[in-house]
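Got a structure for you, written out below as structure tokens; questions coming shortly.
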């Protein structure tokens, strides 16, 4: 059985089985003709699928989801924390062992494919690659936000682990004043300082 990401990144070998619009899109991507807008839209679709997969890993029990992806080709990572029952918790600190196992064995191993696909999209559109991306999702309102950090930005130089922990702490404080159906972005932590 193919995972969601395997299906997403698998090259379609049987082009006769897909419709003309699908063929055109695949050809368009394969022929290196992506505009920056198309690359960013496609990346947003991938990000939305990451949210769905993450939510499925915890059986839709998360109130909010926070994801940081590092696009370092040598060491790509996906770090996740959740708001559940009003508490912010790292994925590996969840009480449900089954949820932790699904995240560890099904979701996190997909990060290599995600990073390769994102680099490919951005290279084809002649965009500066991403160093990091952050994703937030609020279950009650079904609102989600995406924050991409370019390799050229000052924030790309942050120590990922320290910045991630700071983001976790900042979110832990901010959610105390933010209702679950707020449709409001929570802080991006040090990855996007307030101007």
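Pick out the one residue from 121, 146, 108 that is in contact with a strand residue (DSSP E or B) (Cβ under 6 Å, 6 or more places away or on another chain) and not in a strand (DSSP E or B).
108
crowded, with 17+ Cβ neighbours inside 10 Å and in a helix (DSSP H, G or I), is that true of residue 131?
no
Kindly indicate the residue of segment 77-105 that is in contact with a strand residue (DSSP E or B) (Cβ under 6 Å, 6 or more places away or on another chain) and over 24 Å from residue 178 (Cα atoms) and also surrounded by the most Cβ atoms within 10 Å (Cβ to Cβ) among those meeting that condition.
78
Okay, next question. If I filter segment 154-170 for residues that are in a loop (DSSP other than H, G, I, E, B) and within 18 Å of residue 62 (Cβ to Cβ), do I get at least one hit?
Within segment 154-170, not a single residue is in a loop (DSSP other than H, G, I, E, B) and within 18 Å of residue 62 (Cβ to Cβ).
Only residues that are under 19 Å from residue 50 (Cα atoms) and more than 16 Å from the chain's Cα centre (by Cα): list them for segment 139-167, please. Can you show your working first?
Of segment 139-167, the ones under 19 Å from residue 50 (Cα atoms) are 139-149, 164.
Selection gives 140, 141.
Read-outs: derived from the displayed coordinates by stated rules, not from any lab. Note that the coordinates shown come from a computational prediction; the quantities given were computed from them, not determined experimentally. Cβ sites come from the backbone with ideal geometry, for glycine too, and all protein chains shown count toward neighbours.
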